[in-house]
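Below you'll find the structure, written out as structure tokens, and then a few comments.
The values are calculated or read from the model by the stated rules, or taken from the named source; none is laboratory data. Since the model is a prediction, treat every value here as computed from it, not as a measurement. Note: ideal-geometry Cβ built from the backbone for every residue, glycine included; neighbour counts use all protein chains shown. Remember, those area values only see protein heavy atoms, side chains included, never the ligands or the DNA or RNA. Shrake-Rupley method; radii C 1.70, N 1.55, O 1.52, S 1.80 Å.
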Amino acid sequence: MGKTVLVIEDEPNIIEAISFILSRDGWSVATHSNGHDAVGVVLAAMPDLVILDVMLPGKTGYDILRELRGVDSTARLPVLMLTAKGQVKDREMAERAGASRFMTKPFSNAEVLDAVRELVTG
């Protein structure tokens, strides 16, 4: 059985790129594109990993992650945060919110694949 990844991202080209990279590697990929109901989508899907954009319509990735960390079933869920902002304060905010890993855009295909593999399989 393959592992599942939920990509919460609002940029279609990034969704397509990540989905392609991971699907080709055998991952089952689901996508969601807004922050409004992202927590509910994660709780319903219970993926093995979430790739979460920081800037989303409706709610920030930081807020979504803080909510996920407050729920027992997702408190330890691996979350890879993506952002176009790569400043130290952005990394610190991601760490405080509970991100498992932080990656800035643009990223390489290999970077994403390595991060996902490491976060899920250790």
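Details
- Sorting 90, 10 on solvent-accessible area from highest to lowest, probe radius 1.4 Å, gives 10, 90.
- Cα-based Kirkwood hydrodynamic radius, region 1-102, one decimal, Å: 13.5 Å
- Using the 1.4 Å probe convention, the accessible area of the chain works out to 52 Å² per residue with neighbouring protein chains retained.
- Ellipticity estimate at 222 nm from DSSP helix runs (n ≥ 4, -39,500 (n - 2.57)) divided over the chain, nearest 500: -13000 deg cm²/dmol
- Model label sites at residue 63 and residue 91, defined 7 Å from Cα along the beta-carbon direction, differ in position by 2.7 nm.
- Here the accessible area is traced with a 1.4 Å probe on the protein chains. For the chain, carbon and sulfur cover 51 percent of it.
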